[in-house]
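Data block below; observations after.
The values are calculated or read from the model by the stated rules, or taken from the named source; none is laboratory data. Owing to the predicted nature of the structure, the values given are computational and were not obtained by experimental measurement. So basically every Cβ, Gly included, is an ideal-geometry build from the backbone, and we count neighbours across all protein chains shown.
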Amino acid sequence: MPEENAVIKSILSRRSIRSFDGKPVPAEQIDKVLECACAAPSGMNFRPWHFVVIEDRAKLNAIAGAHPYGRMLSQASFGIIVCGETRRGDSVSPWWEQDCSAAMQNILLAVTDLGLGSVWLGVNHNEQFKIAENLRELLGIPEKIEVMGIAAVGYPKESKPAHSGTDEGVIHKEEW
Ligand SMILES: Cc1cc2nc3c(=O)[nH]c(=O)nc-3n(C[C@H](O)[C@H](O)[C@H](O)COP(=O)(O)O)c2cc1C
């Protein structure tokens, strides 16, 4: 198989990186990552995504404090809060979470290709931590917009082996 292929290489070498050196990433690279995010497939082409890009250190620290498993954000070069506009007028997207997840994965793969590390931080309606509510307040995210997740991105200070092979028992050919 063509493992030298850039896309396959990025997919297999992408790992969750949770240690960064905090150095800034050039603006044009962040723009390219956002372009890749907006290239994700979208059910009914609704394109529900919104991206809140955070480079400000004080804000990254505040978000790190608002997420129970997001401490690494305080060392990240930037974070992208992936949000979903679930309805526009009478039009409702039943696919917004899938669409936003596809956009998130594009972000992770694009940053891998740029030599950066990243980790996806989940945001759900957790009664205990109220992550989405805290982010809404910190960043002025409107009530009608859902918060899907956060990408923490930066120059990696750890390395992990690439993925290889398939998981046991999960591939079913022709039938289950
Ligand atoms: C929906 C989702 C939520 C996640 N939330 C967190 C998180 O809050 N904190 C964290 O450190 N990693 C989080 N991760 C990363 C996973 O822990 C990681 O993808 C998994 O352990 C597999 O490792 P890999 O990404 O290196 O292949 C999340 C991943 C996904 C897809």
By residue number, the members of segment 1-15 that are surrounded by fewer than 18 Cβ atoms within 10 Å (Cβ to Cβ) and part of a loop (DSSP other than H, G, I, E, B) are Met1, Pro2, Glu3, Glu4, Asn5
Flagged in segment 113-129 as within 12 Å of the ligand (Cβ to nearest atom), surrounded by fewer than 23 Cβ atoms within 10 Å (Cβ to Cβ) and not aliphatic (A, V, I, L, M), in numbering order, are Trp120, Gly122, Asn124, Asn126, Phe129
Given (1) in a loop (DSSP other than H, G, I, E, B); (2) without any contact (Cβ under 8 Å) to a residue 12 or more places away in the chain, Asp31 misses just (1)
Considering segment 16-54, residues that are of a type in the set (Phe, Trp, Tyr) and over 24 Å from Lys157 (Cα atoms), and then whichever is surrounded by the most Cβ atoms within 10 Å (Cβ to Cβ), we arrive at Trp49
- Flag for Val170 being surrounded by 13 or more Cβ atoms within 10 Å (Cβ to Cβ) and within 15 Å of the ligand (Cβ to nearest atom): no
The correct count of residues that are assigned to a loop (DSSP other than H, G, I, E, B), among the hydrophobic types (A, V, I, L, M, F, W, C) and either within 18 Å of Phe78 (Cβ to Cβ) or modelled with pLDDT of 95 or more (or both) in segment 128-176 is 5
Taking first residues from segment 85-102 that are within 14 Å of the ligand (Cβ to nearest atom) and second residues anywhere that are assigned to a loop (DSSP other than H, G, I, E, B), the pairs with Cβ under 7 Å that are 6 or more apart or on different chains are Cys100/Pro48; Ala102/Ala40; Ala102/Pro41
